[in-house]
Amino acid sequence: MSGPASTRRSTLAAEIRQRTGLNPARCYQCGKCSAGCPMAQETRLRPHDILRLVQRGRRDRLFADDSIWLCLTCETCSARCPNEVGPARIIDALRELALESGEGEPPRAIRAFHESFLKQIRRHGRIFEFGMIAGFKLRSGKLFADVAKMPATMKRGKLALSPRRIAGVDDVRRIFDACSAAARKEVQP
């Protein structure tokens, strides 16, 4: 038997339950979540596989795979779950745990997309597609991927060269600042 209860690491399912209020043990592997998942063909682990690994405490397997980072958080899995397990929220919690523990991180392209997207929202209060694409390509290293599609996209007026700001952009920036301050407080002991 291991040391005192205070030094033992809680189970992954218990950590998820504490963070979300959801009980992964309620999943009985019916597969309805995975049957409706729009990303099922793109991932090695489907939503029901992820829940089974949570039940088994397989952090190593979950955090070594890109599947949790490919989830769109569309909530289709959660809507289809007959036991209201909430797979989408559980996957979000797994991403948080992976980042906090240093056991996993998103692939470079996904991280680059999120950083580029959020930078445009902070700067303009909305998406400036051209700026987001440029930022993504620089961050991801995929500078020339899809470059042949740009002229046709611009010709159809789908890609503006100058950004439009919303009226409440200062409010959006205050929200970003407040979230950044809250995140820094959580990190400090």
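The values are calculated or read from the model by the stated rules, or taken from the named source; none is laboratory data. As the structure is a prediction and not an experimental result, all values here were calculated from the model. Note: ideal-geometry Cβ built from the backbone for every residue, glycine included; neighbour counts use all protein chains shown.
Those helices (runs of 4 or more DSSP H) of segment 49-93 in which 3 or more residues are farther than 16 Å from Leu22 by Cα and in contact with a Leu (Cβ under 7 Å, 6 or more places away or on another chain) occupy 59-64. Of all residues in segment 126-143, those satisfying the criterion of being of a type in the set (A, V, I, L, M, F, W, C) and either assigned to a helix (DSSP H, G or I) or not assigned by TED's automatic domain parsing to the domain that holds Arg164 (or both) are Phe130, Met132, Ile133, Ala134, Phe136, Leu138. Screening Phe136 against (1) buried (at least 17 other Cβ atoms within 10 Å of the Cβ); (2) in contact with a Pro (Cβ under 9 Å, 6 or more places away or on another chain) leaves a single unmet condition, (2). Taking segment 63-74 as the range and being farther than 15 Å from Leu53 by Cα and surrounded by 14 or more Cβ atoms within 10 Å (Cβ to Cβ) as the test, the residues that pass are Trp69, Leu70, Cys71. For segment 31-48, filtered to residues that are part of a helix (DSSP H, G or I) and over 18 Å from the mean Cα position of the chain (by Cα), the residue that is surrounded by the most Cβ atoms within 10 Å (Cβ to Cβ) is Lys32. Glu115 fulfils the conditions (1) within 30 Å of Leu45 (Cα to Cα); (2) modelled with pLDDT under 90 except for a single criterion, (2). Restricting attention to segment 94-125 and to residues that are among the small types (Gly, Ala, Ser) and in a loop (DSSP other than H, G, I, E, B), the residue that is farthest from Lys137 (Cα to Cα) turns out to be Gly102.
Once segment 106-123 is narrowed to residues that are in contact (Cβ under 8 Å) with a residue 24 or more places away in the chain and in contact with a Leu (Cβ under 9 Å, 6 or more places away or on another chain), the residue that is surrounded by the fewest Cβ atoms within 10 Å (Cβ to Cβ) is Pro107.
Yes or no: Lys149 in a loop (DSSP other than H, G, I, E, B), free of Cβ contacts under 8 Å to residues at least 60 places away in the same chain and surrounded by fewer than 15 Cβ atoms within 10 Å (Cβ to Cβ)? Answer is no for this residue.
Of all residues in segment 16-52, exactly one satisfies the criterion of being in contact with a helix residue (DSSP H, G or I) (Cβ under 6 Å, 6 or more places away or on another chain) and either among the aromatic types (Phe, Trp, Tyr) or without any contact (Cβ under 8 Å) to a residue 12 or more places away in the chain (or both), namely Ala40. Within segment 49-62, the set of residues being surrounded by fewer than 19 Cβ atoms within 10 Å (Cβ to Cβ) and either touching a Ser or Thr at 6+ places or on another chain (Cβ under 8 Å) or basic (Lys, Arg) (or both) comprises Arg52, Arg56, Gly57, Arg58, Arg61. Looking across segment 13-30, the residues that are surrounded by 13 or more Cβ atoms within 10 Å (Cβ to Cβ) and in a loop (DSSP other than H, G, I, E, B) come down to Leu22, Asn23, Cys27, Cys30.
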